[in-house]
Amino acid sequence: MKNRLKVLRAERDWSQAELASRLDVSRQAVNAIETGKHDPSLPLAFRIARLFAMPIEEIFDDQR
């Protein structure tokens, strides 16, 4: 699944570790989502959307 997570994180000048801490996941999980190796669970996708105050579909695109 394509996503804008890396761009959104960079716009806020957050490291992967900082984002991981805010989401209560590991830095490795953030890296895997950013690189498209792993899709977030639905609850995690909602947490990400709330953190960035954006609709899920503005962050994640299921059209590969």
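The values are calculated or read from the model by the stated rules, or taken from the named source; none is laboratory data. Source: prediction; values computed, not measured. Positions of Cβ are backbone-derived with ideal geometry, glycine not excepted, and every protein chain shown enters the neighbour counts. Ligands, DNA and RNA are stripped out before the accessible areas are found, and what is left, the full protein with its side chains, is counted by its heavy atoms. Shrake-Rupley method; radii C 1.70, N 1.55, O 1.52, S 1.80 Å.
Just so you know, the Cα atoms of the chain work out to an Rg and Dmax of 10.4, 28 Å. Rounded to the nearest 20 debye, the dipole size of the chain about its Cα centre is 140 debye, using +1 on the Cβ of Lys and Arg and -1 on the Cβ of Asp and Glu.
At a probe radius of 1.4 angstrom, the accessible area of the range 1-44 per residue rounds to 63 square angstrom. Here the accessible area is traced with a 1.4 Å probe on the protein chains. For the chain, carbon and sulfur cover 50 percent of it.
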